[in-house]
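Contents: one structure, followed by commentary.
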Amino acid sequence: MDRSPVLPRHWLNLGVLAHVDAGKTSLTEALLQLGGAVAQRGRVDDGTTQTDSLAMERRRGITIRAAVATFYAADVGVNIVDTPGHPDFIAEVDRSLSVLDGAVLVVSAVEGIQAQTIVLHRALRRLDVPTIFFVNKVDRSGADPGRTIRQIQRHLTESVVTLSAVHDPGTANARVEAVGREALCAELAGYDDALLRDWVDHGPPSAERLWQSLRSTKQVSAVLAGSARTAVGVEQLIDATLRLFPTSSGDHTGPTSGQVFKIERTSKRARVCSIRLRTGSLAVRDHVAQGVVTALQIQQPGGAIAGTRATAGQIVQVEGLDQARIGDWIGTRPTDVPAPNFLPPALQSTITAVDPGQQNDLHKALTELADIDPLITLRVRQDELHVSLYGKVQQEVIAETLATEYGIEVVLGQPSVICVERPAGKGYAVLRYGSPEQQYPYTMGVTVEPAAPGSGIELVVAAEHGSLPLHVYGTIEGFRETVFRYLDEPLAAGPNGWQVTDAKITVVESGYPPAAPHPAHVRYTTALVVKEALDKAGTTVCEPIDGVSVEFPSETMPEVLKVLGRYGAIAETTALSSELAVVRGAVRTGSIDALRNELTSAAHGLAVLDARLDHYAPVRRQPVRGRG
């Protein structure tokens with residue numbers, strides 16, 4: 001008997017995004033209350049919100065991990081995906097965006113547009129997620145909704161249509177009402193020629209005709225206003241999301257297709273995957289590539305409940321998929337879904353248990369955390385543990401997570417940039433079976449030399465083909481492919497402790513006695529000779545250099561250029577308009593955080609810095625040993 005709950009016919013997966021402190025989580029609480037999912041709104045300050053469930057989220061008053069909460073409106077089940085707003089957790093935001101049908105981008109009517117608001121809006125546009133702007137905090141002192149809407153037009157998109165009229169902004173008596181039909185028609189007619197003709201020929205169109213125009217005019221975004229704290233304007237926001245965003249009943253009979261966008265563990269350490277099902281269904285005991293479904297929970301008001309089958313359109317938590325990774329597709333992947341696009345962390349830090357006896361437990365705990373967040377890379381070098389990071393706040397969160405969830409107090413070193421090593425010259429090494437220094441029945445000789453910057457690792461097999469152990473590897477190409485995988489270990493840390501790249505490795509000698517070697521003998525010998533040859537070649541430590549694009553108000557050009565000059569970011573190109581300027585250049589990755597902070601001040605909080613790894617260059621100071 002199917003014990004799955006009775007569910008709505010249609011689903012809407014709704015993202016709520018904002019810069020820190022714009023009121024995103026408070027708005028989520030208001031949506032849940034008005035949707036009947038909770039009797040009373042939680043408060044961030046009191047730590048009683050539905051979506052900030054982690055203890056540290058409640059203490060810090062910020063969202064760290066994406067969370068899902070649900071309410072029903074008519075026959076639509078709305079899954080609200082509450083996402084982090086802090087830059088250190090931008091990868092969590094990107095994962096969540098890939099499962100959305102629409103998004104509400106919250107902007108404070110007091111603080112206005114901020115740098116992270118612009119970053120989030122760009123991500124939404126890149127993934128083609130329909131977006132509504134909600135101008136929040138209209139009841140706060142200093143609120144100016146009109147100024148905020150002008151900032152949206154200036155910094156985000158000129159094509160907006162205002163649906164809310166705010167009265168008495170900046171006071172406790174602030175109230176919101178829908179704009180009149182004629183005023184809305186006048187705004188929309190500037191973007192919709194067909195609507196303009198209807199208006200001229202037949203008079204003011206109906207309200208439904210105006211909603212149809214707003215839905216179909218893709219380049220236009222609706223702007224609403226209100227106060228999440230008092231729920232003013234939130235009912236109008238709910239109505240607008242249901243009218244403007246696509247809802248889906250899904251293709252229940254099609255092939256199963258769903259995306260994993262979050263992985264967490266229960267208090268009993270069971271692995272739970274959050275999946276947005278796009279087509280088909282997923283049931284307990286179903287076999288998929290990532291494992292067997294042993295349990296599933298379906299989102300509904302008040303929290304997820306156990307079910308036996310989930311269908312298209314739903315967000316479901318699934319146990320049993322032990323091989324799944326964030327971003328994986330369960331079943332088939334649709335061709336029209338963009339791939340997530342986020343860069344791996346550029347920083348790392350040593351991490352040590354305060355109690356030396358817990359060091360092994362620390363390694364296991366970090367392995368679990370890396371499973372939850374694949375952009376956290378755990379490395380072990382020279383008997384030290386290292387973890388990759390986006391920034392200081394993430395470092396603090398990792399330490400607090402280890403203390404509260406695993407009972408491990410840790411000490412984290414000062415974050416440092418992740419460098420690489422390139423061979424500086426040519427080195428040769430050989431180990432011959434039967435010699436005193438070779439304990440394995442296999443001979444291998446290799447050379448290591450520099451390759452072109454950015455080329456990665458190249459492996460060439462130049463040894464006599466008859467000397468290769470083809471009885472083990474089948475073909476010469478099979479030998480080359482397998483030995484190439486063996487290079488991961490010796491190249492993981494060069495003489496200075498950093499990963500080695502841009503190297504050409506040539507197998508120049510090979511040999512073995514009868515009935516030998518085993519694959520393990522080849523692997524161990526490869527590691528030894530490559531490491532020795534690399535030591536003889538020597539390496540150059542290279543640091544990452546980011547290509548940067550800085551967008552800022554034109555009037556702050558002198559201050560911004562001074563800051564960029566101090567960081568050696570010589571502008572390659574400059575684009576300038578009457579209001580906005582864009583400068584592109586290159587900056588050391590290790591300086592990006594400090595540069596971003598100074599640009600924020602120089603551009604009055606409106607500088608947007610896009611940074612992407614461009615290349616590696618030799619460090620200009622004494623090489624630093626890699627610790628991670």
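The values are calculated or read from the model by the stated rules, or taken from the named source; none is laboratory data. Not measured: the values here are computed from a predicted model. So basically every Cβ, Gly included, is an ideal-geometry build from the backbone, and we count neighbours across all protein chains shown.
The requirement of being at pLDDT below 95, in contact with a Gly (Cβ under 8 Å, 6 or more places away or on another chain) and in a strand (DSSP E or B) is fulfilled somewhere in region 410-420, by at least one residue. Check whether at least one residue in region 214-227 is in contact with a Gly (Cβ under 8 Å, 6 or more places away or on another chain) and either outside the structural domain of Gln116 (by TED's automatic domain parsing) or among the polar types (S, T, N, Q) (or both), and report yes or no. Taking every residue of region 214-227 in turn, at least one turns out to be in contact with a Gly (Cβ under 8 Å, 6 or more places away or on another chain) and either outside the structural domain of Gln116 (by TED's automatic domain parsing) or among the polar types (S, T, N, Q) (or both).
Within region 64-77, residues that are at pLDDT 85 or above reach partners that are among the hydrophobic types (A, V, I, L, M, F, W, C) and in a loop (DSSP other than H, G, I, E, B) with beta carbons closer than 6 Å, at six or more positions or on different chains, in the pairs Phe71/Ala37. Of the residues screened, Thr350 is not one that is among the hydroxyl-bearing types (Ser, Thr, Tyr) and closer than 23 Å to Asp322 by Cβ.
Against the test of being β-branched (Val, Ile, Thr), out of contact with any Ser or Thr (no Cβ under 9 Å at 6 or more places or on another chain) and over 30 Å from Ile149 (Cβ atoms), the options Val292, Val232, Val272 yield a single qualifying residue, Val292.
Among the numbered conditions (1) touching a helix residue (DSSP H, G or I) at 6+ places or on another chain (Cβ under 8 Å); (2) surrounded by 13 or more Cβ atoms within 10 Å (Cβ to Cβ); (3) more than 30 Å from Tyr616 (Cα to Cα); (4) not hydroxyl-bearing (Ser, Thr, Tyr), the only one that His521 does not meet is (1).
The residue that is modelled with the highest pLDDT, among those in region 22-51 that are more than 14 Å from Phe134 (Cα to Cα) and among the charged types (D, E, K, R), is Glu29.
All of (1) in a strand (DSSP E or B); (2) touching an Asp or Glu at 6+ places or on another chain (Cβ under 8 Å); (3) of a type in the set (A, V, I, L, M, F, W, C) hold for Val387 with one exception: (2). Here Thr447 meets each of (1) outside any strand (DSSP E or B); (2) farther than 15 Å from Pro517 by Cα; (3) among the polar types (S, T, N, Q) with one exception, condition (1).
Restricting Thr157, Thr241, Thr230 to residues that are touching an Asp or Glu at 6+ places or on another chain (Cβ under 8 Å), touching a residue at least 24 places away in the same chain (Cβ under 8 Å) and of a type in the set (Val, Ile, Thr) narrows the list to Thr230. Restricting region 577-594 to residues that are among the aliphatic types (A, V, I, L, M) and out of contact with any Gly (no Cβ under 9 Å at 6 or more places or on another chain) leaves a set whose member that is surrounded by the fewest Cβ atoms within 10 Å (Cβ to Cβ) is Ala594.
Is it the case that Thr556 is in a helix (DSSP H, G or I), in contact with a strand residue (DSSP E or B) (Cβ under 9 Å, 6 or more places away or on another chain) and assigned by TED's automatic domain parsing to the domain that holds Arg485?
Considered against the rule, which asks whether it is in a helix (DSSP H, G or I), in contact with a strand residue (DSSP E or B) (Cβ under 9 Å, 6 or more places away or on another chain) and assigned by TED's automatic domain parsing to the domain that holds Arg485, Thr556 comes out as no.
Contact annotation: residue pairs with Cβ atoms under 9 Å, 6 or more positions apart or on different chains, pairing a residue in region 95-115 that is under 24 Å from Asp168 (Cα atoms) and charged (D, E, K, R) with a partner that is modelled with pLDDT of 85 or more and assigned to a helix (DSSP H, G or I), are Glu111/Thr148. Once region 78-105 is narrowed to residues that are in contact with a Gly (Cβ under 6 Å, 6 or more places away or on another chain) and modelled with pLDDT of 80 or more, the residue that is surrounded by the fewest Cβ atoms within 10 Å (Cβ to Cβ) is Leu100.
Total residues in region 303-316 satisfying the condition of being surrounded by fewer than 21 Cβ atoms within 10 Å (Cβ to Cβ) and under 27 Å from the mean Cα position of the chain (by Cα): the figure is 2. When you look at His363, is it in contact with a Lys or Arg (Cβ under 9 Å, 6 or more places away or on another chain) and not acidic (Asp, Glu), yes or no? The answer is no for His363.
Taking the listed residues Val176, Val135, Val161, Val166, the one that is surrounded by 16 or more Cβ atoms within 10 Å (Cβ to Cβ), touching a Gly at 6+ places or on another chain (Cβ under 6 Å) and not charged (D, E, K, R) is Val176, with no other qualifying. Of all the listed residues (Glu158, Glu182, Glu177), the sole one being farther than 23 Å from Val107 by Cα and either assigned by TED's automatic domain parsing to the domain that holds Leu237 or assigned to a loop (DSSP other than H, G, I, E, B) (or both) is Glu182.
Going through region 128-187 one residue at a time, which ones are among the β-branched types (Val, Ile, Thr) and over 27 Å from Arg209 (Cβ atoms)?
Answer for region 128-187, where residues must be among the β-branched types (Val, Ile, Thr) and over 27 Å from Arg209 (Cβ atoms): Val138, Thr148, Thr171.
Put simply, of Arg584, Arg596 the only residue that is modelled with pLDDT of 85 or more, in a strand (DSSP E or B) and of a type in the set (Lys, Arg) is Arg584. Please verify whether Ile545 is assigned to a strand (DSSP E or B) and in contact with a His (Cβ under 8 Å, 6 or more places away or on another chain), treating the condition exactly as stated. Considered against the rule, which asks whether it is assigned to a strand (DSSP E or B) and in contact with a His (Cβ under 8 Å, 6 or more places away or on another chain), Ile545 comes out as yes. The condition (being within 24 Å of the chain's Cα centre (by Cα) and at pLDDT 90 or above) is satisfied by just one residue among Gln259, Gln299, Gln290: Gln290.
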